[in-house]
Every structure is written in C-alpha cells, then in structure tokens.
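Beneath this line is the structure, given in structure tokens, with notes to follow.
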Amino acid sequence: AWVNTSEEEIQEKLRTVGLDVKIEELEKGKSGEYVFNGQKVLVYIREQYAGIAYKFHLCECKTISGFIARNRYERYVVSTRTDGLFNVINRRSGEEIEKEIEMEVCMNCLSEINYKGYKNDYYKRNNIYKNFSLSDYLSKNETKHKQLPRHNDRTAPINDYTDDWEARSKEYREDVNWRCEECNKDLSHKELRQYLHVHHKDGKKYNNYNANLKALCIECHSKKHEHMDRNKVRNFRSDFRRIDG
C-alpha cells in the first residue's frame with residue numbers, strides 16, 4: 001500500500017520499519033539481487049513464529065522459491081536497514097507482539113548471487129558469511145537500471161522518458177528476443193529491429209518496471225496510439241514481407 005506514498009516517506013520506511021510490497025513489484029539486478037525503487041534491498045517475512053530462526057534475504061533463493069511454491073510467503077517486507085534489526089510481528093500462544101529482532105543473512109542467497117565468490121570458494125564461505133555487512137552490501141548499489149518510484153498527485157513527475165530509456169528499451173527488447181509480444185513477429189533481423197518498440201502499458205513514460213513494459217511491432221503499437229506515423233507502418237509491412245519471405 002505504498003502507491004500514494006511520497007518518495008521521502010518511502011525512504012524513511014525502508015530505513016526503519018520496512019515496506020510491505022507485492023512480489024511482482026520487486027525486480028532483479030545484474031546478479032539476481034532484489035531491487036526495489038531503483039535500489040538494492042533486502043527482504044524478510046513480517047510474521048514470525050517462535051522457535052524458527054528466520055533470515056533476511058537478498059534474492060529469490062531456494063528458500064524463497066520454496067515459500068512461494070507453498071504459498072507461505074504472502075507478506076514481503078523490503079528494507080534498507082543496515083543495523084541487522086527488523087520490525088516483525090511475533091506470533092506466540094495466540095498473541096501478536098510487534099517488536100524488533102536480529103536476523104542474519106540467508107546462506108542460500110549468498111550462494112545464489114555468489115556474493116564475494118561465496119559459491120565458488122568452499123573454504124572461504126564461513127568467513128564471508130560471518131563478515132557479511134549490510135551497509136557494505138547496500139552501498140554497492142549497482143542495478144540494471146534506475147526505476148523511479150510511484151507518486152501521488154502532488155509529487156507526480158513530468159511524464160517524460162528517463163535518461164536511460166534508450167538503453168532500457170534495448171535491454172527489454174533483447175530480453176524478449178526481439179519478438180512482438182502481441183503478434184509474435186520475429187524482428188531480430190538487423191533491418192527489422194527499428195520497427196520493434198517498447199510500450200508503457202499505463203502511459204507513464206518514467207515507469208520502467210518490467211510489468212509495465214511490452215515489446216510491440218510498430219503495427220501493433222499503432223493500435224495503441226493514434227499519432228503513429230502510418231507511412232512507417234506501411235514501410236514495416238513491406239520490409240517484413242521482403243525479409244521474412
């Protein structure tokens with residue numbers, strides 16, 4: 001329920017009590033690490049049960065995949081807190097007690113993203129685990145792209161493309177193998193790539209979440225926008241017939 005939350009409030013919650021989000025609102029960085037609002041985050045479960053040693057997570061590791069498969073990971077909490085303390089709801093004997101507890105990093109996550117060579121060097125694993133630093137991990141915030149947060153009507157940005165849109169668009173088209181996600185035409189030929197566009201489903205040019213993007217050939221894209229150049233659409237049809245044979 002963060003959609004109508006300002007950027008300042010989002011950052012404050014990330015640093016303190018954490019922010020409840022849906023799984024589809026999380027993206028992945030270069031090594032598969034969780035990314036939210038354009039920055040690396042850690043994830044944990046808000047509702048804790050006595051006697052279970054909970055960990056915080058850096059990515060969709062084997063543990064998280066297991067939770068998802070069993071529908072046991074409904075409440076994701078993202079955080080950028082660096083002191084190792086996390087705001088949880090502890091369930092015990094029918095009571096719900098809200099408090100802060102200490103948690104350690106998940107070893108499966110360290111292996112999944114191969115943090116500092118964790119997966120490759122058996123003899124250094126224990127040392128890497130014991131010396132894991134949240135402040136160090138979160139400070140190296142190298143993500144695939146910068147995602148602007150959602151805003152309310154008072155803080156909404158100008159509806160324009162982000163500075164990295166050209167690179168982001170190419171990256172997305174590569175991810176779908178240069179195919180139109182509407183008609184499934186293959187536009188991977190170098191002469192046809194110019195005709196594959198990336199459409200923002202909600203009309204917000206700054207909202208570059210994967211869930212908001214769709215690769216469309218210029219013909220399919222023209223059906224979403226009346227202003228599309230019809231001559232270019234005709235050129236596309238001609239070039240596609242010539243090359244596709």
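The values are calculated or read from the model by the stated rules, or taken from the named source; none is laboratory data. Treat the numbers as computed from the prediction; the structure is a model and nothing was measured. Positions of Cβ are backbone-derived with ideal geometry, glycine not excepted, and every protein chain shown enters the neighbour counts. The area values use the complete protein model at the heavy-atom level, side chains included, leaving out ligands, DNA and RNA. Shrake-Rupley method; radii C 1.70, N 1.55, O 1.52, S 1.80 Å.
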- Query: Quick one: ranking Asp186, Asp239 by accessible area, 1.4 Å probe, largest first, what do you get?
  - Reply: Asp186, Asp239
- Placing each pseudo-label 7 Å from Cα in the direction of the beta carbon, Glu100 and Asn210 end up separated by a distance in nanometres of 3.4
- Note on the structure: Sorting Ser133, Ser238, Ser139 on solvent-accessible surface, 1.4 Å probe, most exposed first, gives Ser139, Ser238, Ser133
- Residues whose modelled amide H sits under 5 Å from the amide H of Lys214, counting only those 5 or more places away in sequence or on another chain, are His199, Lys201
- Note down the accessible area of Lys201, probe 1.4 Å, to the nearest 10 Å². 120
- Glu166 versus Asp202: modelled label distance in nm, points set 7 Å from Cα along the beta carbon direction: 2.7
- Query: What residues have an amide H closer than 5 Å to that of Glu182, excluding those fewer than 5 places away on the same chain, when H is modeled at 1.01 Å from N in the peptide plane?
  - Reply: Cys217
- Message: Students often get this wrong: which residues of the range 187-206 have the backbone nitrogen under 12 Å from the point 7 angstrom along Cα-to-C-beta of Arg242?
- Response: 191-192
- Message: Which entries of Lys22/Lys130; Lys13/Lys205; Lys13/Lys40; Lys62/Lys99; Lys28/Lys170 have Cα-Cα distances beyond 19 Å here?
- Response: Lys22/Lys130; Lys13/Lys205; Lys62/Lys99
- Ignoring any ligand, DNA or RNA, what whole percent of the accessible area of the range 183-225 comes from carbon and sulfur when the probe is 1.4 angstrom? 42
- Item | Fully extended contour minus Cα-Cα distance, from Asp186 to Leu85, at 0.36 nm per residue | 31.4 nm
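Could you rank Glu171, Glu104, Glu60 by how accessible they are, 1.4 Å probe, largest area first? Let's see the in-between values first.
Working: Glu171 40, Glu104 105, Glu60 70 Å².
Largest accessible area first, the list is Glu104, Glu60, Glu171.
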